[in-house]
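Read through the structure below, which is laid out as structure tokens, and then see the notes.
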Amino acid sequence: MIASVISGLMMTIPWFLTYFAIMAFYPDKNILESTVPWLKMLEEFNPILIAVFGVVVGWTLIETATGMIHAFISRIETETIQKGRPLKKMTKAIISLVALVASLILAQVGIIDLVAKGYTIMAYAMIAVYAVPLLIFAGKFLKSK
């Protein structure tokens with residue numbers, strides 16, 4: 001419960017700050033209709049700040065992707081351990097390699113379209129893979145009490 005509250009806050013606070021910052025430029029269509037509003041908002045600042053922003057955003061994307069791959073492998077490994085056949089290191093490496101090759105193919109779509117469409121799909125996949133089984137398990141656990 002504590003982890004869910006903390007993670008909820010850690011996602012909601014940056015979202016609110018982003019929304020609040022973009023609304024400071026309302027009704028400027030140059031900002032609101034730009035593909036990446038942050039870059040338009042930062043144009044007036046030192047180019048070093050834009051570079052730092054790019055590194056932070058890039059690092060965030062890499063960290064998110066790494067976490068997703070790790071969570072996916074962990075989910076598969078949990079199932080295989082329950083069946084008595086833990087994953088070998090080579091199998092984990094192959095899963096990671098397939099994910100990286102898939103991401104290289106998806107990179108051809110373009111980062112803007114990928115984020116716009118991919119994050120929505122990824123959110124539904126997270127709900128299907130993590131939230132639904134957790135809710136089912138929690139429901140069974142609460143019924144047994």
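A few notes on this one:
- Note that the stretch 30-87 shows a convex hull volume over its alpha carbon atoms of 81 Å³ per residue.
- Per-residue Karplus couplings for the stretch 31-45, computed as 6.51 cos²θ - 1.76 cosθ + 1.60 with θ equal to phi - 60°, are listed in order as 7, 5, 9, 6, 5, 10, x, 4, 5, 5, 5, 8, 4, 6, 8 Hz, Gly and Pro entered as x.
- Rounded to the nearest 20, the Cβ-based charge dipole of the chain about its Cα centre (Lys and Arg +1, Asp and Glu -1) stands at 1060 debye.
- The stretch 63-110: C-alpha gyration tensor shape, a/c 1.5 cut-off, then a/b vs b/c: prolate
- Convex hull of alpha carbon positions in the stretch 85-145: directionally averaged projected area 6.2 nm².
- Orientation-averaged projected area, Cα convex hull of the stretch 1-55 (nm²): 4.8 nm²
- Rounded FRET efficiency, nearest 0.05, which uses the C-beta distance separating residue 123 from residue 5 and R0 of 22 Å: 0.70
- For the chain, alpha-carbon Rg over 2.2 N^0.38 Å: 1.35
- Electrostatic dipole magnitude of the stretch 1-79 [Cβ: Lys, Arg +1; Asp, Glu -1; Cα centre; debye, to 20]: 80 debye
- Potential extension, residue 53-residue 145 segment - 0.36 nm per residue separation minus Cα distance: 28.2 nm
- Per-residue ellipticity at 222 nm computed for the chain from its helices equals -24000 deg cm²/dmol, with DSSP H segments shorter than 4 residues left out and the rest contributing -39,500 (n - 2.57).
- Calculated FRET value between residue 105 and residue 19, using beta carbons and R₀ = 41 Å, to 0.05: 0.80
- Leading residue at positive end of dipole, the stretch 1-78 (Cβ point charges), from 68, 2, 15: 2
- Rounded to whole Hz, the Karplus (6.51, -1.76, 1.60) HN-Hα couplings of the stretch 61-78, x for glycine and proline: 5, 5, 5, 5, 5, 4, x, 5, 5, 4, 5, 5, 5, 4, 5, 5, 5, 4
- What the phi angles of the stretch 81-94 give under the Karplus curve with 6.51, -1.76 and 1.60, with θ = phi - 60°, is a coupling list of 5, 5, 8, x, 10, x, 5, 7, 4, 5, 5, 4, 5, 5 Hz, glycine and proline written as x.
- Förster radius 22 Å - calculated FRET efficiency between residue 74 and residue 94, Cβ distance, rounded to 0.05: 0.90
Bear in mind that the values in this text are calculations on the coordinates, not laboratory data. Since we're looking at a predicted model, the values are computed, not measured. Positions of Cβ are generated from backbone atoms using ideal geometry, with glycine treated the same way; all protein chains shown enter the neighbour counts.
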